[in-house]
C-alpha cells in the first residue's frame with residue numbers, strides 16, 4: 001500500500017503496555033486482510049481481544065441473497081476469529097453497504113467500549129483512500145470515523161446518558177486507538193509469529209474468497225498477506241510487518 005505525505009519514513013514498535021483490546025470494524029474479513037497476524041501475536045502474549053462488527057457483510061457476495069450470505073458470513077467470521085485466539089465476536093447488525101455516520105453509530109460503538117472497557121481500540125482505515133490510489137468504501141469511512149469519536153463519547157457521562165442508565169458506566173481507559181490499513185501508518189507489529197494463523201484466519205472466509213477470485217484460496221490468501229506484510233517491511237527494519245496508524249490518549 002502506498003503511503004501518503006506525512007507518514008514517517010520508519011515504523012515504530014506498537015506499544016505492548018496494555019491487556020485488553022476491542023476491534024470494531026464494518027464487515028466480516030476486514031480484520032483478516034492483515035491485522036489478524038498482529039492479533040494472533042497479542043493473544044499469544046495473553047492479551048484479551050474482542051471483535052465487534054457493525055454488519056454481517058450480507059451485501060458482500062453478488063451470487064447470494066443477503067439473508068443467506070449474512071448467516072454464512074457470521075459463521076465464517078467466528079471461525080476466523082478463533083484461528084487467532086479470539087472467542088468473543090459480536091455483531092451490531094447495521095445494514096451492510098449503507099452504514100451512516102451519525103449519533104446512532106457512535107452510540108452503539110460507545111456502548112461496546114463501555115461494555116468491554118479496552119485499553120486499545122482497533123479499527124480499519126477511515127481515510128478517503130487506500131494510499132491515494134483506490135477510493136475507500138463508505139462503510140469503512142463511516143465506521144472508522146465513528147470509532148474514533150466513540151472513544152471520547154465512551155468517557156463522557158453526559159453524551160448518551162442513557163447508556164449509564166442501562167448499567168454502562170463511562171470508560172476513560174482507552175489509551176491507544178490503532179487504525180489498520182491506514183495510508184498514514186506510524187507503528188507496526190512484527191507479522192512473523194502470527195503469519196500462519198493469519199492465513200488460516202483469512203481462509204476461513206472461504207465463501208467470500210471463492211466469490212472474489214478464481215485463484216486457489218490458499219494461494220490467494222498467502223500471496224495477499226505476504227505482499228502487504230513485505231511491502232511494510234522496508235519501513236520496519238526488514239521485518240514483515242502489520243502497520244497501524246496509532247493515536248494516543
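A few remarks follow.
- For the residues 171, 158, the requirement of being assigned to a loop (DSSP other than H, G, I, E, B) and free of Cβ contacts under 8 Å to residues at least 40 places away in the same chain singles out 158.
- Hits in region 1-56 - residues which are at pLDDT below 95 and either more than 17 Å from residue 81 (Cβ to Cβ) or out of contact with any strand residue (DSSP E or B) (no Cβ under 9 Å at 6 or more places or on another chain) (or both): 1, 2, 3, 4, 5, 6, 7, 8, 9
- Of the residues making up region 172-192, those that are more than 10 Å from residue 121 (Cβ to Cβ) and surrounded by fewer than 19 Cβ atoms within 10 Å (Cβ to Cβ) are 172, 173, 184, 192.
- Region 215-249, residues that are in contact with a helix residue (DSSP H, G or I) (Cβ under 7 Å, 6 or more places away or on another chain), over 22 Å from residue 23 (Cβ atoms) and either in contact (Cβ under 8 Å) with a residue 12 or more places away in the chain or buried (at least 20 other Cβ atoms within 10 Å of the Cβ) (or both): 217, 218, 222, 239
- Across region 103-130, the qualifying residues are those that are under 13 Å from residue 54 (Cα atoms) and in contact with a strand residue (DSSP E or B) (Cβ under 9 Å, 6 or more places away or on another chain), and the one among them that is surrounded by the fewest Cβ atoms within 10 Å (Cβ to Cβ) is 108.
- Residues that are in a loop (DSSP other than H, G, I, E, B), under 23 Å from residue 131 (Cβ atoms) and free of Cβ contacts under 8 Å to residues at least 60 places away in the same chain within region 182-214 comprise just one, 213.
- Residue within region 130-153 that is in a loop (DSSP other than H, G, I, E, B) and closer than 21 Å to residue 174 by Cα present: no
- Residue match in region 35-46 (condition: crowded, with 18+ Cβ neighbours inside 10 Å, over 25 Å from residue 237 (Cβ atoms) and out of contact with any helix residue (DSSP H, G or I) (no Cβ under 6 Å at 6 or more places or on another chain)): no
- Summed over region 47-56, residues that are surrounded by fewer than 24 Cβ atoms within 10 Å (Cβ to Cβ) and assigned to a loop (DSSP other than H, G, I, E, B) total 1.
- First in region 85-112 and at negative phi and in a loop (DSSP other than H, G, I, E, B), second anywhere and loosely packed, with under 14 Cβ neighbours inside 10 Å and at pLDDT 95 or above, Cβ under 9 Å, 6 or more apart: 94/100; 94/104
- Considering residues of region 57-79 that are in contact with a helix residue (DSSP H, G or I) (Cβ under 9 Å, 6 or more places away or on another chain) and part of a helix (DSSP H, G or I) only, the residue surrounded by the most Cβ atoms within 10 Å (Cβ to Cβ): 73
- When we screen 142, 146, 152 for residues that are out of contact with any strand residue (DSSP E or B) (no Cβ under 7 Å at 6 or more places or on another chain), under 26 Å from residue 103 (Cα atoms) and without any contact (Cβ under 8 Å) to a residue 40 or more places away in the chain, the only hit is 152.
The values are calculated or read from the model by the stated rules, or taken from the named source; none is laboratory data. Note that this is a predicted model, so its numbers are computed, not measured. We place every Cβ from the backbone using ideal geometry, glycine too, and count neighbours over all the protein chains shown.
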